[in-house]
1. Just to be sure I understand the filter: pairs with C-beta atoms under 6 Å, separated by 6 or more residues or on different chains, first member in the stretch 343-359 and in contact (Cβ under 8 Å) with a residue 12 or more places away in the chain, second member among the small types (Gly, Ala, Ser) and open to solvent by less than 20 Å² (accessible area, probe 1.4 Å). Which pairs pass?
2. Any idea which residue in the stretch 223-258 is surrounded by the fewest Cβ atoms within 10 Å (Cβ to Cβ), counting only those that are touching a residue at least 12 places away in the same chain (Cβ under 8 Å) and among the basic types (Lys, Arg)?
3. Does Glu284 meet the test of being assigned to a loop (DSSP other than H, G, I, E, B), at pLDDT 95 or above, open to solvent by 10 Å² or more (accessible area, probe 1.4 Å) and farther than 26 Å from Gly471 by Cα?
4. For residues in the stretch 149-196 being part of a loop (DSSP other than H, G, I, E, B) and acidic (Asp, Glu), which is surrounded by the fewest Cβ atoms within 10 Å (Cβ to Cβ)?
5. From the list Glu317, Glu274, pick out the single residue that is closer than 25 Å to Ala107 by Cα, among the charged types (D, E, K, R) and modelled with pLDDT of 95 or more.
6. Considering only residues that are in a loop (DSSP other than H, G, I, E, B), free of Cβ contacts under 8 Å to residues at least 60 places away in the same chain and either out of contact with any helix residue (DSSP H, G or I) (no Cβ under 8 Å at 6 or more places or on another chain) or under 17 Å from Gly421 (Cα atoms) (or both), which ones fall in the stretch 452-480?
7. Hand me the list of helices (runs of 4 or more DSSP H) wholly inside the stretch 377-451 holding 2 or more residues that are farther than 16 Å from Gln160 by Cβ, at pLDDT 95 or above and open to solvent by 70 Å² or more (accessible area, probe 1.4 Å).
8. Sort out which residues of the stretch 324-348 are more than 18 Å from Lys290 (Cβ to Cβ) and either in contact with a strand residue (DSSP E or B) (Cβ under 9 Å, 6 or more places away or on another chain) or of a type in the set (Phe, Trp, Tyr) (or both), and write them in order of number.
Amino acid sequence: MAAAMTMCAAVAVLLVLTSTMAAAAGDGDGDGGGFDYKKALHSGLLYFEAQRSGHLPYNQRVRWRGHSGLADGLQQGVDLVGGYYDAGDNVKFGLPMAFTMTMLSWAAAEFWDEIAAAGERRHVLEAIKWGTDYLVKAHTAADELWAEVGDGDTDHYCWQRPEDMTTSRQAYKVDRDNPGSDVAGETAAALAAASIVFRRSNPRYSRLLLRHAEQLFDFGDRYRGKYDSSIGEVRAYYASVSGYGDELLWAALWLHRATGHRGYLDYAVAMADELGGVGWAVTEFSWDVKYAGLQILAAKVLMDGGDHPAAHAATLEQYRSKAEHYLCACLGKNAAAGDNVNRTAGGMLFVRRWNNMQYVTNAAFLLTVYSRYLRDSGGDTIRCSGGAMATGDELAAMARAQADYVLGDNPAGVSYMVGYGRRFPRRVHHRGASMVSHRADGRFVGCVQGYDRWFRRGGANPNVVAGAIVGGPDDRDRFRDSRDNYMQTEACTYNTAPMVGVFAHLHAQKMAARTANNNADRSMIKRVD
């Protein structure tokens with residue numbers, strides 16, 4: 001009897017401990033406890049369906065959206081139907097769309113097993129293919145790429161659902177006479193990265209993507225120029241401030257990773273100085289500034305060992321040094337304060353007021369990826385300027401802290417991923433989400449009518465654009481949930497894309513920890529028995 005009571009008491013204690021650990025690592029929603037990264041991953045991929053342009057498929061899950069942009073390219077005699085709207089408006093901008101596809105493909109290539117284990121394999125492939133199908137169509141000749149559909153100025157005069165658009169659908173291209181090395185390079189990078197993802201499941205499509213990627217890289221390199229010099233309409237929205245050097249190096253390194261051809265690595269080494277690859281030490285990574293990302297890709301070549309000529313080692317070391325400068329900047333470990341990323345009191349990395357979350361999510365991805373590269377190469381530390389050191393665990397911890405901030409671990413207690421948790425932005429600056437759905441009310445909504453009836457109303461949006469990550473709070477962790485506060489409440493595809501990989505990774509880690517805890521619990525019960 002006493003022995004039985006002792007065993008029962010031990011099991012009771014064990015159950016209390018187990019429940020306590022579960023609460024500490026549980027599926028929270030931003031109000032304390034852990035986070036449901038699987039749900040966040042699922043929502044993130046759902047968001048891409050809300051941003052689709054074109055004829056929607058039968059299995060479309062976001063039911064408040066309808067067909068749109070079905071005559072895109074008709075004026076120019078080309079088929080430009082499809083692709084993604086990048087944010088809350090109805091323009092298709094080629095540069096950020098291509099970057100979104102590059103990051104989504106990098107996430108899928110890097111975290112494929114984790115994404116599959118979470119049950120999102122099919123959805124990530126569909127999200128990528130919706131974008132790459134469009135990018136292939138936009139590449140209408142070896143030296144011709146359509147880089148924009150719609151006009152930002154006229155679009156911003158209207159507040160209309162994409163299904164009702166009456167604004168200009170003028171399309172703009174780059175070619176030999178009007179070059180755009182940056183948009184051509186980014187599109188090449190996107191298609192090369194996606195070719196890796198589709199290599200097993202759809203080898204024919206993978207080869208098609210790779211063929212277009214190689215042509216686009218050659219076009220961008222041979223006919224050099226900034227695309228915003230050729231397409232003036234894009235300057236006020238997605239100007240290429242960093243120039244095209246980063247995109248050409250980025251594309252070359254993705255093509256090297258996709259093909260294994262040494263010529264692309266030779267290019268990245270030979271052009272490292274001229275195109276700024278080993279000259280720029282940056283503290284941001286975005287749709288415009290790719291240096292940190294390409295420096296990490298180059299560092300991986302070095303970390304992988306004997307896959308490169310010995311003569312390349314010195315330049316690859318320079319790439320790695322610059323990559324680690326960025327990572328140390330995120331940790332605040334570089335010697336000079338100006339070489340680090342500012343952080344809010346609540347712990348959020350802060351780069352600038354307008355859509356700061358893009359820098360947060362991209363940083364979380366690069367920190368996560370590099371911590372994995374360190375582990376796989378048998379290393380554990382990186383060197384920061386001034387001699388400070390940082391470990392792979394520190395990189396991973398910072399990435400997780402940023403992901404948790406996004407999901408609600410912040411002073412406001414707000415999830416900046418729409419639809420996640422109990423508190424999230426309800427007045428997202430998004431035309432389609434802010435109006436009654438076309439499916440529920442098919443009556444036409446005009447430009448002025450949209451502003452008067454829907455934009456200016458104070459209530460929550462009738463449709464929840466689940467998975468969208470909005471621009472986020474300011475440098476004092478303050479956020480105002482208002483439709484006219486577009487700097488904070490507009491969401492972009494390139495905010496969410498990198499988090500697909502981060503959330504998949506964090507979910508896998510959480511499941512592994514839970515399994516280890518369960519195994520330890522069972523072992524303890526056996527010992528008690």
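1. Cβ pairs passing all conditions: Leu349/Ala363; Asn355/Gly471; Asn356/Gly472; Met357/Gly471; Met357/Gly472; Gln358/Ser286.
2. Ranking the qualifying residues of the stretch 223-258, first place goes to Arg224.
3. For Glu284, the condition - assigned to a loop (DSSP other than H, G, I, E, B), at pLDDT 95 or above, open to solvent by 10 Å² or more (accessible area, probe 1.4 Å) and farther than 26 Å from Gly471 by Cα - is not met.
4. Per the stated criteria, the residue is Asp177.
5. After ruling out the rest, the residue left standing is Glu317.
6. The answer is Arg456, Arg457, Gly458, Gly459, Ala460, Asn461, Val464.
7. Because the criterion is at least 2 residues that are farther than 16 Å from Gln160 by Cβ, at pLDDT 95 or above and open to solvent by 70 Å² or more (accessible area, probe 1.4 Å), the helices (runs of 4 or more DSSP H) in the stretch 377-451 that meet it are 392-407.
8. Those that are more than 18 Å from Lys290 (Cβ to Cβ) and either in contact with a strand residue (DSSP E or B) (Cβ under 9 Å, 6 or more places away or on another chain) or of a type in the set (Phe, Trp, Tyr) (or both): Cys328, Leu331, Gly332, Lys333, Asn342, Arg343, Thr344.
The values are calculated or read from the model by the stated rules, or taken from the named source; none is laboratory data. This one's a predicted model, so the numbers in the text were calculated from it and none came from an experiment. Every residue, glycine among them, receives a Cβ derived from its backbone with ideal geometry; neighbour counts consider all protein chains shown. Heavy atoms of the whole protein, side chains included, go into the accessibility calculation; ligands, DNA and RNA do not. Shrake-Rupley method; radii C 1.70, N 1.55, O 1.52, S 1.80 Å.
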